[in-house]
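Notes to accompany the following structure.
Taken together, the values in this text are just the output of simple stated rules run on the coordinates, not laboratory data. Nothing here was measured: the structure is a model prediction, and the numbers come from that model. Heads up, the Cβs are rebuilt from the backbone with ideal geometry, glycines too, and the neighbour counts pull from every protein chain shown.
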Amino acid sequence: MRKRALKLLTVILILCVAGMLFCGCASLDVRLKQDGSGTAVLTVEKTEGLTEESIRTQLEEVFEGVEMLSNRSEVLKIQDIQEQDGSFAVEISFRRIRYIEGIGQYNYMTFQDFLKEINKTALITGWEQGKYKTVQNYTEDIYNFNNRADESRAFGPQTVDGTALDAATFLDETGAYAQEKDAILFSYYIIDFPGLESITFHFDGAIRVYGGKNIELIDESTIRVLPLTTSVNVTHIQENGDPVAVEKDVECFVGFVYFMPSANVGLILGLCIAGALVAGGIVYGVVSGLFKKIWRSAKMRSIRKNYSLYLMMVPAIVFLFLFSYLPMSGVILAFKDFSIDDGIFGSEWAGMAGFKNFYDVLTTPGTSFGMLARNTVILAVLKFIFGFLCAILLAILFSYLKDNWFKKTVQTISYFPYFISWVVVSGIAYLFLAADGGILNQFIAIFGKDAIQWYSEPQYWRGILTFTAIWKTVGYSTIVYLAAMTAIDPSLYEAARIDGAGRLGQLYHITLPGMFPVIGIQVIFSLGNLVRDDFDQIYTMTGGGNSYLIETTEVIGTVVFKAIGTVASYCTATAMSLMQSVVALVIVLTSNIVVKKIGLQGMF
């Protein structure tokens, strides 16, 4: 479990605020899972006018504020409200909650990660001396303890058997407790929440060490904390912006718990089942003679005979696995609520059973997915239709050239743009399209027309992008069609000429049918690109995000690229890219079936 700067005590804050709104005493029972999520039960004393509906209304208002501050949805949910004798019990579930500025200081992380951060280890050594740090509360009040040593606030680490430890020893990486690599340290620091009488924490593991004021060990995995009253300097910012400082007594919940997480029963059970299946398969293969049959099969004999060729394939397979398939594991990011601290695999699953990011892509107005999909498909269709036809036509024209020197020269010239970078192509395009001095505008001026602001007029850019893409790639695309035409038996053309067929007849009856196998495969590949986009072309030619041209040039690839610098957009960008890839795969598989049905050669 990586470092987690969790907002677990947001739950405590919210429920405490709710307790104050209800004007009754409250207690909180929090159960934490190993990943930092969990449930909390708030027990609120009944007061006049307090109803289930009023509780739900007030809590939901607070939850909305938490979602706004945390920029996450469904952070907290009311699961149930039960009326009891003299109180209401509110059951709330919470996702893994991270730090929000203004609600105290707390951490939930592996002990090894905790040791790596000096400011956190200094926190515990300061507590041992009674020194509390300055904290900003959710009301924007600043609580300043002036870093004074106060014996009434001091506490140090203590083991479950009652042995007191020195903080420096406890935090020493060579100490006995530091050797427990999987141990979790949860520290909490909450100030000035009147109405909350106690907090009970339940951990998914056995407590080893704990520390705090007014803390009680209930059992091996549970503690109860009572508030500590202490004097503090509170600075409040008035509506006019002026600060007002007052000295007052406040209630604090301060402490930490070091515990060993319980074994993951689900993982252990899964491994045991997998191991049993593997062992059963091996036994079955030996007893039934299946392994012997496989070893003696024609396929295995061929492999043993040509083992040197298969060995030569190993480096390529390893390379393909490491650099193509292994990175695909990052696709899981599309189903996660990503946090840099937790990493891709440690981050919490997104809401809606992991499909929240896909829902956001399709429904959130800010993403404009409809526009992105429309631009991506329209540009791809234009390039497919015109690029496909131009490549075949150019290949046929090349085949009719009889002068080998001229033919090779023209072919080389047509291939050359393919090897030019899109950066260079965008520079060439600018020479033609520049508003001031561009070649096209100079030509337009000859006819007395006003210059066109090409880089501010989105309606022209689908044509510009299509034309430049064809100009750059059409020559290189003819190679495969020329190869297909050279494979056609020349005697077929001789027989056609004898029968009186002209060039058009030979083209229709011999050349095109001979090219159909290659055309079928090329169609399949091209159709797969109908939902893809030439990001490098669009990004370089439109200046990397020209706001004037977004209407026709913003595509999925450019949005994914822009998301690289924004952590909050990683998940939706990955979801968007995954949807694009899945649709492309479906189109390729479908087109392969259709191409084979009409009698052409498919890919597989």
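General remarks:
- Exposed trypsin sites (Lys or Arg not before Pro) absent: longest stretch of the chain, with sites in DSSP loops and at most 15 other Cβ within 10 Å deemed exposed: 182-401
- Extension gain, V424 to I452, is 7.8 nm, computed as 0.36 nm per intervening residue step minus the present C-alpha separation.
- According to the Cα-based calculation, Rg over Rh for the stretch 158-239 is 1.05, with Rh computed by the Kirkwood formula.
- To the nearest ten degrees, helix 9-21 and the longest principal axis of the Cα atoms of the chain are 60 degrees apart.
- Nearest 10 degrees, 0 to 90: helix 512-528 Cα axis against the chain principal axis: 20 degrees
- Dimensions of the chain based on its C-alpha atoms, expressed as ranges along the principal axes with the largest first, amount to 110, 86, 49 Å.
- The stretch 281-375 shape via C-alpha gyration tensor axes, a/c threshold 1.5: prolate
- With the helix formula -39500 (n - 2.57) applied to DSSP H stretches of n ≥ 4, the chain reaches a computed 222 nm mean residue ellipticity of -14500 deg cm²/dmol.
- Inter-part distance where the stretch 313-333 and the stretch 404-437 are each reduced to a Cα centre, Å: 35 Å
- Tensor-based shape of the stretch 360-597 (alpha-carbon gyration tensor, a/c under 1.5 rounded, otherwise prolate or oblate): oblate
- DSSP finds beta bridges in the chain, and of those with both partners inside it, around 90 percent are antiparallel.
- Prolate/oblate/rounded label for the stretch 265-332 (Cα gyration tensor, a/c 1.5): oblate
- Between the residues F406, Y481, W127, the greatest Cα displacement towards the positive end of the dipole of the chain, with unit charges on the Cβ of Lys, Arg, Asp and Glu, is found for F406.
- Whichever lysines have a C-alpha closer than 24 Å to that of K46, once near sequence neighbours (fewer than 8 apart) are set aside: K77
- Packing, taken as the mean count of other beta carbons within 10 Å per residue, orders the peptides 197-204, 504-511 from highest to lowest as 197-204, 504-511.
- Principal-axis tilt of helix 118-128 within the chain, Cα atoms, nearest 10 degrees: 10 degrees
- Here the stretch 369-480 is treated as a sphere whose radius is the Kirkwood value from Cα pairs; by Stokes-Einstein at 20 °C and 1.002 mPa s it diffuses with a coefficient of 133 µm²/s.
- On full extension, the segment bounded by K402 and F443 gains 11.1 nm, given 0.36 nm per residue less the C-alpha separation.
- More than 20 angstrom apart: percent of Cα pairs within the stretch 175-327: 75 percent
- A straight Cα-to-Cα reach below 26 Å connects K562 with the lysines K336, K356, K383, K472, residues fewer than 8 places away in its own chain not being considered.
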